[in-house]
1. Residue check: is residue B:549 surrounded by fewer than 23 Cβ atoms within 10 Å (Cβ to Cβ), modelled with pLDDT under 95, facing chain A (nearest Cβ under 7 Å) and touching a helix residue (DSSP H, G or I) at 6+ places or on another chain (Cβ under 6 Å)?
2. So which residues in the stretch A:301-332 are touching a residue at least 40 places away in the same chain (Cβ under 8 Å) and away from chain B (no Cβ under 13 Å), if there are any at all?
3. Looking at this structure, is residue A:195 within 14 Å of chain B (Cβ to nearest Cβ), outside any loop (DSSP other than H, G, I, E, B) and surrounded by 18 or more Cβ atoms within 10 Å (Cβ to Cβ)?
4. Quick one: is residue B:320 part of a helix (DSSP H, G or I) and either at pLDDT below 95 or in contact with a strand residue (DSSP E or B) (Cβ under 6 Å, 6 or more places away or on another chain) (or both)?
5. Can you tell me which condition residue B:349 does not meet? The list is (1) more than 8 Å from chain A (Cβ to nearest Cβ); (2) closer than 30 Å to residue B:433 by Cβ, and all the others hold.
6. Using the structure shown, decide if residue B:120 is out of contact with any strand residue (DSSP E or B) (no Cβ under 9 Å at 6 or more places or on another chain) and within 14 Å of another protein chain (Cβ to nearest Cβ).
7. Would a scan of the stretch A:360-379 turn up a residue that is surrounded by fewer than 24 Cβ atoms within 10 Å (Cβ to Cβ), within 12 Å of chain B (Cβ to nearest Cβ) and at pLDDT 95 or above?
8. Please state which of the following conditions residue A:2 fails to meet, knowing it meets all the rest: (1) touching a helix residue (DSSP H, G or I) at 6+ places or on another chain (Cβ under 6 Å); (2) farther than 15 Å from residue A:107 by Cα; (3) modelled with pLDDT of 95 or more.
């Protein structure tokens, strides 16, 4: 079945849960007109349903091919990419000086969800280009920008990010690709990179590679890494394409999912070295990487949201159609649609509410990152930057965990049919699996949350957020709507667990780092479950008072379900954070036995 | 990498956690010599490592082929099957009167784990044959047994179980396959079955199909279903093989996993009707199915344990070998193996402890089922039967949930390599996915637990079990071993949650069935987490007092980890059971919006 962007849910999350409307009203978005969000999302939804969604299964079945140093994508994909750039979707949030529409990241975040939901393997390509644009815009020389940036913004050329090598995955500092300065000021790069997404393809004339490498005598580790721009085809002075550069796809991976997205081994230097241009300063390549890391991680979190929503829509349709068994107490003769069964309802609600929570967390991250660059007031910008930094690992890890869990339930609702590839539920399950691994594994996100984000300012970012969330919970507690059930009590408990766990970790992050690290993953889950629950409750309250999202009571039920089933886990997770470090760190006795 | 059966862990679980040793001492196993368990498992482990494990990946890559009405299995598979029957592994628990070794189900359960771990798609074939043996042994006529049972026990012929039709999955009563009595007392069967595991293959000369069908004018629903034995090739009076019967594979499924196990659409009646023999009485086919359901569900639970252990072994080896990053506070120059990182330790401990808990629950189920038929005392048998019935849905659903979760973590520990098919971690992840669906979805297991097993005798089976588990917890509480950490307190809390949730559900199962049904899945999880935690604690105590399982402290750490990370979830799950029914049953407002 196809995919329809859930515009009402998305707008409620964007405007109210994530606070876009309030930020616009406060003037933090300059002259951006918040009203255009709805129109952009409507159009994006149409493009996704009409052009991208129909190619999702084709891409999975056909995959990609490598021959004669060239990657060929699945039938229909190059054409869809042309339509994508022609319609301007690549340029939504690109810098206006280089042809972009300069729309907020928050709008692009909602669009990214839509691209990922309709066709996650397709959407991944522009996600990488976006990172390239960001790195080049922030750190590139005027000349490099002039030649490359407009083409990347329009999408006429795509970008790649090349960090990983066989011995250097999570530990980027271990990379060995070499760069040497040539007499003309350019560099010659030799080495091999692995796991390079869209490292080669046939959808554009040229590809702009961003490659991390080491100069001779560079310091060891991450302090000796430089970033280079390496075009696939050299660009002549008049902007026309020139010689083939010495960077080639030498292998493609056979993967569990994302079959349509080429994952390449890239070889540089077989013909003397790839010609590259330094981006930023020598040995400061990691700085350039950090610049774009927030946005890239948020992008992957949105992939989690997108795949979850796609899996949900498909499971819901199946549960409404498939007849099997009868409802408890049913007197009728025929079978009922399986959606009548409470256990099926539970699964669907879990899928929908977890998706909604992850969506709002991701959108709120985007709003914070927007304000951190758009607000006039420096203090507002600084606070928003801290908020964005805090939320980013949660947006990435919690949302992609949820993407996997929801896709799992999507298969489950289909029963035996879910295990059959033609049904399509299994593709979402396979495709989702990489999202909790790439762009920093979810374990690394948890460690980032505890050791950098929580600890950054003595916990101030967390205490500030808890106070805000507490205000939402107060609104639930004082609401007279019985449909909220025990939502207020559950969220209040969860906030208490979040606060105590945060303190416990803060007290140990320096003095007993292994104790804090042992609790990082359950802490991130606790954080996401609490934050998501409060945000959904806030959305329900907003829906009730605004009435602009259809029947508001369904948002109350959704918030209630999440609080009573997901946020409620915070109290148990708190005990895990505070009580299980000894067992974890005493693991050698078990594991090495 | 290959697979090694964890004999020490298995024997500790079997003898102590599951209580085999105590039952043997109490005389419930007749003259069975408990000491032979170790020898059988050692030999099974060798066969699995040498013959089955090497074919696991071949089977996944090659899959099966259907052409000219015949299924061909992967290279090496028919030969491995010959070695399997020649070594006597098919006959471990088969009836002695028909050439079986008559060993307890508990021993066969441990073997089933080993077959599933080494090659789950292979192990599935004898699992189905076992069900066929059970149905035929319990309900078949003397003549049918004489012709077919010995061949099934030895494995010279395999068996299939054919229930499912497109409109009749979980709702077996909706099936439409027709059977008509012929003049000679046999039946002619016409219809189509789907999802038939090993419905055809080239590993044996003959296949014995057990097919559910309806006689003309049979009552509607499950009360009008009869069971028929339909040989692929007719058997002549002298036992030689005769004509091809009218039952053919007409399609095979393209699946997410289990590629080596053919899943067939079976067509009967294109040539006048398949010749079948009635098993049991007319219209009593569901009774025959129920006979073997416990054992089949336990078998699938053991698949969950097996795939979990396989995924764990592979992840552990990778974590010991892969070097990336450094331990907190490390002063060395080089990278450390990733197993030093607390977050990786956490994942490995979670994998190992969840696998161990599921293993013991499954073995305990097997011991109960053994005692229910082997004990001399009728009261002992009846109590064991109730215990076995109670534990079966937990053994099936909790263990297969865990199989999926552990396989997920196995991919995660491999990082980007986990997403690459050649690594092998992804195969376990794909293969595991069906186990929570087939043989009754895990949702159906939960409903069975709440509506039949918990409610069967006013909760007496559950109260009896809680009392036993409470005794174990008391031992932990009074133990002076600080390595238990907060295990005692966590398990005590979990038992309280189990008791309160059980009472809450019992009070509603008849009066408010939808409230009880809404809590079924979290209740089963709560039950498994509590039961598993207590059993692992019991094993740790046994290991300490016996000293027959190597260093006992690793079992203490393992039990502690499970209690502090998994059992601790019981308190949150209790709240979900008791507080979320309104949200679940109010879902229509959300889902149909």
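1. no
2. Result: A:301, A:302, A:303, A:304, A:305, A:306, A:307, A:308, A:309, A:310, A:311, A:314.
3. Yes.
4. yes
5. (1)
6. Numbers: out of contact with any strand residue (DSSP E or B) (no Cβ under 9 Å at 6 or more places or on another chain): yes; within 14 Å of another protein chain (Cβ to nearest Cβ): yes.
Spelling it out, residue B:120 is indeed out of contact with any strand residue (DSSP E or B) (no Cβ under 9 Å at 6 or more places or on another chain) and within 14 Å of another protein chain (Cβ to nearest Cβ).
7. no
8. In the conditions (1) touching a helix residue (DSSP H, G or I) at 6+ places or on another chain (Cβ under 6 Å); (2) farther than 15 Å from residue A:107 by Cα; (3) modelled with pLDDT of 95 or more, residue A:2 misses (3) alone.
The values are calculated or read from the model by the stated rules, or taken from the named source; none is laboratory data. Note that this is a predicted model, so its numbers are computed, not measured. Backbone-built Cβ (ideal geometry, glycine too); neighbour counts: all protein chains shown.
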